[in-house]
Amino acid sequence: MNKLNATLLVIAVLSAWSVVTSTHVSRKLYSDLQKETKSAQQLEIEFGQLQLEQSTWGAHAVIERAAQSRLGMHTPDPRQIQVISAKGGV
């Protein structure tokens, strides 16, 4: 009878240990999931901000101002513009 009791005790201890271990792993994985979800939300916010910034920098007026201020470019006088037409028909 003692051998049976000892075996049952060992099985009960191992079962309890596996429950504790699986609970710990489950909680850790859930915590990691929450962190990654928060990180994904932050990346989505940053992506939206970058898209907005890209559309702002791509605006014609912003590019023209940057060309004038940084590069010293200006719109040519209409008398300086020459239109070249393609010769030869298809």
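Below, the figures for the structure above:
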{"quantity": "So VAL83, is it β-branched (Val, Ile, Thr), exposed (fewer than 10 other Cβ atoms within 10 Å of the Cβ) and either more than 27 Å from the chain's Cα centre (by Cα) or part of a loop (DSSP other than H, G, I, E, B) (or both)", "calculated": "yes"}
{"quantity": "Those residues of the range 45-74 which are surrounded by 10 or more Cβ atoms within 10 Å (Cβ to Cβ) and not in a helix (DSSP H, G or I), in sequence order", "calculated": "ALA59, MET73"}
{"quantity": "So LYS38, is it assigned to a helix (DSSP H, G or I), at pLDDT 95 or above and out of contact with any Asp or Glu (no Cβ under 8 Å at 6 or more places or on another chain)", "calculated": "yes"}
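The values are calculated or read from the model by the stated rules, or taken from the named source; none is laboratory data. Keep in mind that what you see is a predicted model, and the values were worked out from it rather than measured. Neighbour counts are summed over all protein chains in view; Cβ atoms, including those assigned to glycine, are modelled from backbone coordinates with ideal geometry.
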